[in-house]
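Some notes on the structure that comes next.
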Amino acid sequence: KEDSIIGVLFVGAFALGVVIISRAPGYSGSLQQFLFGSITGVPAREVPVALIGAAVVIGLIAALNKEIVAVSLDRETARAAGLPVLALDIALCVSLAVVISVQTIGNILVLALLVIPAATARLLTDRLLTMMIMGPLLGALGSLLGVYLSWSADLPTGATIVLVLGVMFALAWLLAPGHGLLYKTAAARRRAAA
């Protein structure tokens, strides 16, 4: 969808700008600190808070999975079925996850980790449960690769993670079976030839 692409391009452009600026002489990391936090310098006292917050979010999503999916897919039908839409929105805890994450990893990286893995998973599968599992796995894989690349190339960690996630999205956008640009182009050629 267009809004997902705008989100991916927005955070990708920020990340690329920070990486370019970081290579300039006299760079002080204050802009990076605000936008991307300090994922490699998270204080030990914040790790248990993040883990507890993650456990709460995962537990609520697991306990209320059917209801949250119903509200996410069609709010009006869920409301007509008698589901408490506002309470389920609150239970989804996206705001809790964002508040916990912004303190440690910064504004842009939080947005990138919310949007890019989910958009990438959407390109790779049409099954909702598979998307819900694949999105976090893609986010974790992109984060690990980004941390490794930033360490080995001496680049800003948060920005490198966002760029890795952006490359993953671009590859899925080009190569994904069913949704990828190359697949759609080949399918259109086959239809034209038939």
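Full extension of the chain between Leu181 and Leu16 gives 57.0 nm of extra length, using 0.36 nm per residue less the Cα-Cα distance. Rounded to the nearest 10 Å², what accessible area does Leu182 have for a 1.4 Å probe in the complete protein model? Here the accessible area works out near 100 Å².
With R₀ set to 25 Å, the beta-carbon distance separating Ala170 from Ala192 gives a calculated FRET efficiency near 0.45. For the pair Val56 and Thr130, label points projected 7 Å from Cα toward Cβ lie 3.4 nm apart.
Against the criterion of solvent-accessible heavy-atom surface with a 1.4 angstrom probe, Leu114, Leu174 sort, most first, into Leu114, Leu174.
Ranking Glu46, Glu67, Glu76 from most to least accessible surface, computed with a 1.4 Å probe over the protein chains only, gives Glu76, Glu67, Glu46. Show me the trypsin sites (Lys or Arg not before Pro) within segment 120-193 that DSSP assigns to loop and that have at most 11 other Cβ atoms within 10 Å of their Cβ. For trypsin sites (Lys or Arg not before Pro) across segment 120-193 that sit outside H, G, I, E and B with at most 11 neighbouring Cβ atoms in 10 Å, the list reads Arg127. Of the listed residues Trp173, Trp151, the order by accessible area with a 1.4 Å probe, largest first, is Trp151, Trp173. Compared with the direct C-alpha span, the chain from Ala153 to Glu76 gains 22.8 nm at full extension, assuming 0.36 nm per residue.
The values are calculated or read from the model by the stated rules, or taken from the named source; none is laboratory data. This structure is a prediction, so every number in the text was calculated from the model and none was measured. Here the Cβ is made from the backbone with ideal geometry for all residues, glycine too, and neighbour counts use every protein chain on show. All accessible areas refer to the heavy atoms of the entire protein, side chains included, with ligands and DNA or RNA removed. Shrake-Rupley method; radii C 1.70, N 1.55, O 1.52, S 1.80 Å.
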